[in-house]
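I have placed the structure first, in the form of structure tokens, so that the comments after it can refer back to it.
The values are calculated or read from the model by the stated rules, or taken from the named source; none is laboratory data. Nothing here was measured: the structure is a model prediction, and the numbers come from that model. Note that each Cβ is placed from the backbone with ideal geometry, even for glycine, and that neighbours are counted across all protein chains shown.
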Amino acid sequence: MSYALTDALILFGGYNLSGDLNKVGMDLEAGEEVDTTFGDSFHSRPGSQLADAKMMADGFWQSATSAAPDPQAINALGAAGTLVTVCDLSTTGATAYMLGILEAKYTQEDPIGQVRPFGIEGSGSSGVGPVRGKLLLPVTSLTGSTTGTGYQLGTVSSTQKAYITIHVTVAGTTADVIVESDDNSGFTSATTRSTTTVTSVGSPTVAAVAGAITDDYWRVRVANVTGTFSIAVAVGIK
């Protein structure tokens, strides 16, 4: 069965690219080493800890204003660690792919009498690599506290971490982004796993620490908000 994206969410650092794009893609791969020796009748591959990710996005350039993709793409060109979150839907609970990229290429075309297309290409620049999770807080305009919907993401083993991506596209004065876990969907005994205070447009990323987490339900709260913010948060376990 084919699946056409009509409401994808693409967050690029502190900017929501969704309204500028009509195509987005990711290539995920791992190194392939061969350790076949004499006497083997079939190739042997031991597996690889080295992975790579590439991200491509195409859309339509709008204007030279600060809200257009042009200044964001230019400023991020050549900078390592730009946080990108790609979701198949813009609503809470959507599948989210999180990765840090080095934007290596930005292109524009200027055909006469036509809309102006642009393209962005980047490669993974985070030691963590791509993380798959869920969008726990969609792009939300906030002037006060809010509690997002809880989802059963799973437990975190002693060799894993819960990775949290926070995209602030509009910033007021200050807000606390809190990620909680619990062993039940009602969050009757919620434990705070991460608190990040955001004060400006941008994209902090947080890795949960302190070993194994047996809770399997996760949610986001935003508290102590002063001013108006627009925030999106995704969480994944790896």
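Among the residues that make up segment 29-39, is at least one of them within 17 Å of the chain's Cα centre (by Cα), modelled with pLDDT of 80 or more and either over 18 Å from I101 (Cα atoms) or surrounded by fewer than 17 Cβ atoms within 10 Å (Cβ to Cβ) (or both)? Within segment 29-39, not a single residue is within 17 Å of the chain's Cα centre (by Cα), modelled with pLDDT of 80 or more and either over 18 Å from I101 (Cα atoms) or surrounded by fewer than 17 Cβ atoms within 10 Å (Cβ to Cβ) (or both). Return a yes/no flag: does segment 66-80 have any residue that is closer than 14 Å to L21 by Cα and within 13 Å of the chain's Cα centre (by Cα). No.
Taking segment 67-122 as the region of interest, how many residues are part of a helix (DSSP H, G or I) and surrounded by fewer than 20 Cβ atoms within 10 Å (Cβ to Cβ)? Before the answer, list the steps.
Step one: filter segment 67-122 for residues part of a helix (DSSP H, G or I), giving 69-76.
Checking the rest, the ones that are also surrounded by fewer than 20 Cβ atoms within 10 Å (Cβ to Cβ) come to 70-71, 74-75.
The total comes to 4.
Condition check for V156 on (1) crowded, with 16+ Cβ neighbours inside 10 Å; (2) assigned by TED's automatic domain parsing to the domain that holds S18: one failure, at (2). Could you please let me know if D176 is more than 17 Å from V86 (Cα to Cα), of a type in the set (D, E) and surrounded by fewer than 16 Cβ atoms within 10 Å (Cβ to Cβ)? For D176, the condition - more than 17 Å from V86 (Cα to Cα), of a type in the set (D, E) and surrounded by fewer than 16 Cβ atoms within 10 Å (Cβ to Cβ) - is met. Restricting attention to segment 109-123, which residues are within 24 Å of A79 (Cβ to Cβ) and at pLDDT below 85? Within segment 109-123, E109, R116 qualify. Before we move on, is A104 under 27 Å from A162 (Cα atoms), hydrophobic (A, V, I, L, M, F, W, C) and touching a Leu at 6+ places or on another chain (Cβ under 9 Å)? No, not satisfied.
Could you list, in sequence order, all residues of segment 189-208 that are closer than 18 Å to T155 by Cβ and surrounded by fewer than 18 Cβ atoms within 10 Å (Cβ to Cβ)? If you could, list the steps in order and put the result at the bottom.
Of all residues in segment 189-208, those closer than 18 Å to T155 by Cβ come to 189-194, 207-208.
Matches in segment 189-208: S189, T191, T192, A207.
Of all residues assigned to segment 209-216, at least one qualifies as being farther than 12 Å from A162 by Cβ and without any contact (Cβ under 8 Å) to a residue 60 or more places away in the chain.
Exactly one residue out of G78, G148, G93, G113 is over 25 Å from D27 (Cα atoms), of a type in the set (G, A, S) and without any contact (Cβ under 8 Å) to a residue 60 or more places away in the chain, and it is G113.
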